[in-house]
Amino acid sequence: MNNNNDKVLSVIDWRYSLKNKQAVSYDISRGKITAIYGSNGSGKSLLVKSIADVFDYPSGKIEKFFKLEDCGILLQSPESLIFREYIIDEALLIVGNDMELATSLLSRIGVNKDRPSLKLSDGQKRLLFIYGYLMSKKIVIFDEPFVSIDAISRDEIERAFLESKSAGVDIIYTANRKDHLRIADDVLDFNIILKD
C-alpha cells in the first residue's frame, strides 16, 4: 500500500485477457462516486474482482491507497455471503460487532433482528451489505448494486450514496445501464476504452 491522499486506487495497463487490444489505465480519486460502466461481458466485474484480489488478471497492475480493513467490497450474488443463522449476527459481522450500528442497519432495511438470515429476499441481502458497508467503511466497492432492487430502493440507495459521500466515504460501483450513472461524479466507460 502506498500513501497517496488524492487517489483511492490506480489501475495501470490492466487487461482481463491477453486478447484485449486496449488496456485500462485509470485513477479513481478520493471524495467522489465513481461508476465503472459497460455492457454485460465488458470486464467491469472482473476489474472489481481484480481489486478484491480474487481474479488473477494476466497483465497490468492495481495500486491501492487504502487499508483493507477500511474497505467493503460486495461482489455479485450476496446470498452466497450470508452464513449466520440469524440476521442480527450477520449484521454484526458486517459492521464490526457494533450492536448499535447493527440494530440501526436492520431498522434501515426493515428487518427484525430475530429473523432467520435465509428468509431475506435477494434484494434485502444486497441492501444489508450496501447499507452496512456505507455505515461502517471508508471505501466501498459494489458490483452491480442496483440488481434485484426495485425503483424505490434504487432511489434510496442513490440518496445513501450521496449522504455517505458527504460524510467522507469513497464509493465505486459497476453499472450496465446509463440511468444508473446519474449520481456518479466520474465514469470509467469500458464500452469506449475496450472498443475494438
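The values are calculated or read from the model by the stated rules, or taken from the named source; none is laboratory data. Remember, it's a predicted structure, so these values are computed and weren't measured experimentally. All Cβ positions, even for glycine, are placed from backbone atoms using ideal geometry, and neighbour counts span all protein chains on display.
A few remarks follow.
- Note on the stretch 37-84: among residues that are of a type in the set (Asp, Glu) and closer than 19 Å to Val8 by Cβ, the one that is surrounded by the fewest Cβ atoms within 10 Å (Cβ to Cβ) is Glu69.
- Residue in the stretch 106-124 that is touching a Pro at 6+ places or on another chain (Cβ under 7 Å) and either under 21 Å from Tyr173 (Cα atoms) or not aliphatic (A, V, I, L, M) (or both) present: no
- Any hit, the stretch 109-120, residues being polar (S, T, N, Q), surrounded by fewer than 22 Cβ atoms within 10 Å (Cβ to Cβ) and farther than 28 Å from Leu9 by Cβ: yes
- Residue count, the stretch 97-114 (criterion: of a type outside the set (A, V, I, L, M), within 23 Å of Arg154 (Cβ to Cβ) and either touching a helix residue (DSSP H, G or I) at 6+ places or on another chain (Cβ under 6 Å) or at pLDDT 95 or above (or both)): 3
- Total residues in the stretch 125-135, condition more than 13 Å from the chain's Cα centre (by Cα) and either closer than 18 Å to Ala175 by Cβ or hydroxyl-bearing (Ser, Thr, Tyr) (or both): 0
- Scan of the stretch 10-28 for residues that are touching an Asp or Glu at 6+ places or on another chain (Cβ under 6 Å) and at pLDDT 95 or above, ordered by number: Ser10, Ser25
- Scope the stretch 121-134; condition among the aliphatic types (A, V, I, L, M) and crowded, with 23+ Cβ neighbours inside 10 Å; matching residues: Leu127, Leu128, Ile130
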